[in-house]
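Notes follow once the structure below has been shown.
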Amino acid sequence: MARKKGSSKHFFLLFVVMLVLIWSLIKPEEGYRVLLMETLPSVVVLIFLISTYNRFRLTTISYVIITLLVILTFIGGHYSYSRVPLFTWIKDYFDLQRNHYDRFGHFLKGLMVIVIIEILLRKTVLLKSKTTNFIALCITLAIGALYEIIEWASTKIGKEGRATKDFLGMQGDIWDSQKDMALLLVGSILSLFFTKILYKKLEKSR
């Protein structure tokens, strides 16, 4: 019964994600090329999770985190990260130098560490410990660093055209990658305080 109840929650989360995806496809602000560059990784992750759902089912807390992060990228893809209206309003109201949606996004991506911890606990011999948390933290940062490398590579492949610049969202900051990684680190460390919630979910599922 608990498994069936969990499944209904998961399908609801998928329904919400699909609604946001459809919305993001309707006249994206910077065109479909930028939309594709921003959302493709999330779409690939979704396809993988759906195809493996019956064989390996994550906890609801992990699916909530994934839903949040996927929606984050769909919104960024629709507007481009440097032009999300809410954060443009915040920029103008507080007289900031840039739109900080991408900074906010990298901070929230620190939540990935919780999902990675679950996968490590369930698919490896690692046990609940500070060592496991540290390994998950390193993996999270490695994923973030890989994304930054992909962004850098896009400038070489894309010859620094408009679509490439919109994808990067650097907004003239030469230290953009370093700041993004720093916020990912901070977000990951803060997320580790919520691992007890994950542990309780895992214990209930056994």
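A few notes on this one:
Here is a yes/no grid of residues against (1) part of a helix (DSSP H, G or I); (2) modelled with pLDDT under 95; (3) farther than 17 Å from Glu118 by Cβ:
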site: Arg3; (1), (2), (3): yes, yes, no
site: Ser24; (1), (2), (3): yes, no, yes
site: Ile47; (1), (2), (3): yes, no, yes
site: Ile66; (1), (2), (3): yes, no, no
site: Gly77; (1), (2), (3): yes, yes, yes
site: Ser82; (1), (2), (3): yes, yes, yes
site: Lys91; (1), (2), (3): yes, yes, yes
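- Flag for Ile114 being touching a His at 6+ places or on another chain (Cβ under 9 Å) and in a helix (DSSP H, G or I): no
Residue-by-condition table, conditions (1) within 12 Å of the chain's Cα centre (by Cα); (2) open to solvent by 20 Å² or more (accessible area, probe 1.4 Å); (3) in contact (Cβ under 8 Å) with a residue 12 or more places away in the chain:
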{"position": "Gly31", "(1), (2), (3)": "no, yes, yes"}
{"position": "Glu38", "(1), (2), (3)": "yes, no, yes"}
{"position": "Pro41", "(1), (2), (3)": "yes, yes, yes"}
{"position": "Val45", "(1), (2), (3)": "yes, yes, yes"}
{"position": "Phe48", "(1), (2), (3)": "no, yes, no"}
{"position": "Gly76", "(1), (2), (3)": "yes, no, yes"}
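- Subset of segment 8-24 that is open to solvent by 80 Å² or more (accessible area, probe 1.4 Å) and in contact (Cβ under 8 Å) with a residue 24 or more places away in the chain - its residue that is farthest from Ile66 (Cα to Cα): Trp23
- Any chance Asp180 is open to solvent by less than 80 Å² (accessible area, probe 1.4 Å), more than 15 Å from Val34 (Cα to Cα) and modelled with pLDDT under 95: yes
The values are calculated or read from the model by the stated rules, or taken from the named source; none is laboratory data. Keep in mind that this is a model prediction, so the values were computed, not measured. Don't worry about glycine lacking a Cβ; one is built from the backbone with ideal geometry, like all the others, and counts go over all protein chains shown. Each accessible area value is taken on the protein alone, full model and side chains, heavy atoms only, with ligands, DNA and RNA left out. Shrake-Rupley method; radii C 1.70, N 1.55, O 1.52, S 1.80 Å.
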